[in-house]
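Down below is the structure, laid out as structure tokens.
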Amino acid sequence: MAKTLCDWSRKKRLKKWDKYLRRVLPAHFVCRKCGRAGSDRKYLCRPESVTPPSSS
Ligand SMILES: [Zn+2]
């Protein structure tokens, strides 16, 4: 039931775009396996905590 964003198909992503964005932004984690980003580690299958580069 609790599918990760990694499991979302392109079709589902396009159909549930708003929901998808709410799970992606603000992205604090990146999936090591799939390269996807998510706002919570539970949305990814192999999450790694990341911080945006502070080059401003
Ligand atoms: Zn993944």
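Brief remarks follow.
- The conditions of being within 13 Å of the ligand (Cβ to nearest atom), part of a helix (DSSP H, G or I) and of a type in the set (D, E, K, R) are not met by Lys12.
- Every residue from region 15-42 that is within 19 Å of Pro53 (Cα to Cα), part of a loop (DSSP other than H, G, I, E, B) and of a type outside the set (A, V, I, L, M): Pro26, His28, Arg32, Gly35, Arg36, Ser39, Asp40
- Restricted to region 43-56, and to residues there that are in a loop (DSSP other than H, G, I, E, B) and farther than 14 Å from Cys6 by Cβ, the residue that is modelled with the highest pLDDT is Val50.
- Selection of first residues in region 27-44 that are buried (at least 19 other Cβ atoms within 10 Å of the Cβ) and of second residues that are of a type in the set (Ser, Thr, Tyr), restricted to Cβ pairs under 6 Å at least 6 apart or on distinct chains, gives the following pairs, ordered by first then second residue: Phe29/Ser49; Tyr43/Thr4; Leu44/Thr4.
- Here Cys6 clears all of (1) in a helix (DSSP H, G or I); (2) near the ligand (Cβ under 9 Å from one of its atoms); (3) loosely packed, with under 12 Cβ neighbours inside 10 Å except the condition numbered (3).
- Search result, residues across region 38-56 that are among the hydrophobic types (A, V, I, L, M, F, W, C) and more than 10 Å from the ligand (Cβ to nearest atom): Val50
The values are calculated or read from the model by the stated rules, or taken from the named source; none is laboratory data. Being a predicted model, the structure only gives us computed values, none of them experimental. All Cβ positions, even for glycine, are placed from backbone atoms using ideal geometry, and neighbour counts span all protein chains on display.
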